[in-house]
Structures are given as C-alpha cells and as structure tokens.
Amino acid sequence: MSNVHSDTVGTDPRNPLARLAFDESAPLLEVEDLEVEFRTRDGVAHAVNKVSFTLEAGQTLGILGESGCGKSVTAQAIMGILDTPPARITGGEVRYRGVDLLKLDEKVRRRVRADRIAIIFQDALSSLNPVFTVGWQLAELFRQHRQMSRADARRRAVEMLEMVGIPAAKERAGDFPHQFSGGMRQRVMIAMALALEPDIIIADEPTTALDVTVQAQVMDLLATLQRELQLGLILITHDMGVVADVADEICVMYAGHAVERADVYDIYERPAHPYTKALLESIPRIDQKGQSLTAITGLPPVLVNPPPGCSFHPRCTFARDRCTHDEPPLYELPGGRRSACHFWEEVLES
Ligand code: SF4
C-alpha cells in the first residue's frame, strides 16, 4: 500500500488536515492524563482516570482488563466517538503527531478519524450496513474520501478484500454482510479500517464474538498487516491469551485506572501489580504444567461509588490497612515499567 497522506493532504486545500502542524518526529499517539466521566442518575462515574500511554509506529499496545474497566471508553475518547452526554472528557490530551485532537473542532476531528485513525469493533454485523453489499460499502469510502471514479473505487474495494484473504473477492464483493461467516465479516471490517490507509488501528475486542480457531486466524491477519504496514495498533481485550502473542506493551486497567504498564514479557513473567498477577493466575498457561487456577474473588467496583484508597483493595490478597485510605500513584519502577501498587516490590518477589 502506498502512503497517500503526503499527496492527498499536502495538495488538497479543501482537506482541513493540510492546515494542521503535524510533527512527524513526535510519537504517533500520546494519551496523557485522559479523564472521562459519565453523568448518571446515581451520580458521576469516573470511567477513565488520568490514563496515559504512548504508541509508536509499528508498535502494538494491548489494553487489558475486565468489562467496565474503562478500556473501550478510552478507545472511544481517542476516536472522538463518545456519546456526549452522558459521557464527557474532563481532562487530559490525546496527541496525534503532536497535535491535541481534543482541541480540534468536530469537522477536522472527523477528518483525522477518517484519514489517520480507524477502529474495528467486536460486532462486525452491526458495524456494517445490512442493506448494501460489502463491495459497495468499501467502494463508497474511496469515492467519498479519495474522490475516485466508480470503476476505480470498485476495483480498489476488490483489492482490499483480496488483501484480507477473502476468497473469490471479486464475486464476494457483491454479497451482503449477512452472507459472510463471522470470521469473514471481521476480515471485511479490517479491510474497511485499512481502506484509507490510517496510521493507527484501534481494535476493540476484535475476536471476542468468534470461535477459537477463527479468532487465531483473524489475530494473525491483523498482526501481519500491522507489521507490513508499520501501523500503530491498540488492541483492547479482556483476554490475556489474545494479547500475549501480538502486543509489545501492555496497559492493564482496573476501575478506570491504568494500574500497570510494562512490556509484554515483564507483564507475563513478573507482574508488578496484584491485579495483573491475579489475572494471570486465573487463566491456564501452556508453559506451566500442573498449574492450579485461582479465581479473583469479588466484583469490580461500581464507578459512581468506588472504594476509598486503592480501588482494588477489597479484592487484593496483598492489601494492608494503608491501601484502604491511601490511593497509590502509578509508581515508576526500575526499567521504566509502572505499577499503581504501594507494595509492588513484594508483588515482584512473590
Ligand atoms: Fe493491593 Fe494495596 Fe497494592 Fe492496591 S495498593 S494493589 S490494595 S497491595
């Protein structure tokens, strides 16, 4: 795939991105102290609390955590697709190549979203329009955003379907979404996400609705395309198995907080936060024979009324009195990894 950004953005005065001063030497994406809240009838839910991370080109960041931990809300805030109200971004910055997307007006933001950052959702069936063929939906992207002729757009749509491994792509371009299997539909979603050659793909639970073998095929495809195209990939999942093979770095979220950030090896071999450790102890591992699994007791907190101190303390086997009133910061550990636990040294040694 050629990079279209320089030619379309640089020469088309109608493209609002041409007026933005992107700094190509700045990180691809920097999320800094992002805060999102939801106003509900029961009170204000702090869904994302000062979450920070950086994503470089060619890097895969896994965002991991249970349902309701804030990982999908973080993705929607980056994309600018939160339902406002009830959601509201109350703090922080989301910088793409040095430009804070949160300060852009909606029209420009939409254009960044179309050109630079794409998202793949879990449910491909409801993300595709059921009354148009997949070829038409793909071609429409090229017609609307690249001003291609009908014939060129159709040809490009078929190329995209071939790229994501849809057999007999030319014929299948004329099929409707419901005529595809779940795995093939997710491939179509990947083709749609890559169509405008973004720099960043956010994949929000992209394989959750698929069975295990199809899951592996779709993840292989995503990882291969990410490597070949040198994309920044944010992979959001609750499944530690899904991120283990593909992520370079992992950010573990709990109750709206990033509680641990480290490279994938450190996370799996020497977790520095009790929640990460508990997650690992609750899944079977191929490298640990005779391992007994331990469930994490209790439930994640209600975000309108989280526990004081460390929000994990009611479920934490390392908890002490201090944890019930003293909220831990995201400590920087040797080697640059991070953990939001007062007793991270003890967790590392355990
Ligand atoms: Fe557990 Fe305390 Fe660490 Fe929180 S700060 S994770 S409660 S040990």
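Computed from the coordinates by the stated procedures, all read-outs in this text should not be read as laboratory data. Computed from a prediction, not measured in an experiment: that's the story for all the values here. Every residue, glycine as well, gets a Cβ built from its backbone with ideal geometry; the counts of neighbours run over all protein chains shown.
Determine which lysines satisfy two conditions relative to K71: a Cα distance under 24 Å, and not lying fewer than 8 residues away in the same chain.
Filter leaves K50, K103, K277.
For the ranges 115-125, 194-204, what's the packing order if you count other beta-carbon atoms within 10 Å of each residue, average per peptide, and put the highest first?
In decreasing order of mean packing, 115-125, 194-204 become 194-204, 115-125.
Please order K103, K50, K277 by the number of other Cβ within 10 Å, starting at the fewest. List each step's numbers first, then the result.
Numbers: K103 11, K50 16, K277 23.
Arranged by neighbour count, lowest to highest, K103, K50, K277 become K103, K50, K277.
Quick one, what does Rg over Rh come out to for the stretch 151-303 if you take C-alpha atoms and the Kirkwood Rh?
1.04
Among DSSP beta bridges whose residues both lie in the chain, state the antiparallel percentage, nearest 5.
Just about 60 percent of them are antiparallel.
For D42 paired with Q217, estimate the spin-label separation in nm (one decimal), with each label point 7 Å from Cα along the Cα-to-Cβ line.
Calculated label separation equals 4.1 nm.
R0 = 45 Å: FRET efficiency of E345 with R19, Cβ-based, nearest 0.05?
Efficiency computed from Cβ-Cβ geometry: 0.35.
Report, to two decimal places, the Cα Rg of the chain normalised by 2.2 N^0.38 Å (N = number of residues). Provide the component values of the computation, followed by the final result.
Details: Rg = 21.1 Å, N = 350, 2.2 N^0.38 = 20.4 Å.
Dividing the Cα Rg of the chain by 2.2 N^0.38 Å gives 1.04.
Using the count of nearby Cβ atoms within 10 Å as a rough guide to exposure, how do R146, R227, R95, R187 rank from fewest to most?
In order of increasing Cβ crowding within 10 Å: R227, R146, R95, R187.
Under the 0.36 nm per residue contour assumption, what length would be gained going from the current alpha-carbon distance of D263 and E332 to full extension?
23.5 nm
Taking amide hydrogens as modeled 1.01 Å from N in the peptide plane, which residues meet the under 5 Å criterion relative to G62, leaving out close sequence neighbours?
Excluding prolines and chain starts, which carry no amide H, the hits are L235, D248, E249, I250, C251.
Using 0.36 nm per residue of separation minus the Cα-Cα distance, give me the extension gain between K107 and R320 in nm, one decimal.
71.7 nm
Dimensions of the stretch 257-349 along principal axes (Cα, Å, largest first)?
That works out to 39, 31, 22 Å along the principal axes.
In whole Hz, with x marking every Gly and Pro, tabulate ³J(HN,Hα) for the stretch 197-206 from phi via Karplus 6.51 cos²θ - 1.76 cosθ + 1.60, θ = phi - 60°.
In residue order, the calculated couplings are 6, x, 8, 10, 10, 10, 10, 9, 6, x Hz.
Could you check how many percent of all C-alpha pairs in the stretch 91-161 are farther apart than 14 Å? Don't skip to the end; give the middle numbers.
Numbers: 1719 of 2485 pairs.
Above the 14 Å cut-off, the stretch 91-161 has 69 percent of its Cα pairs.
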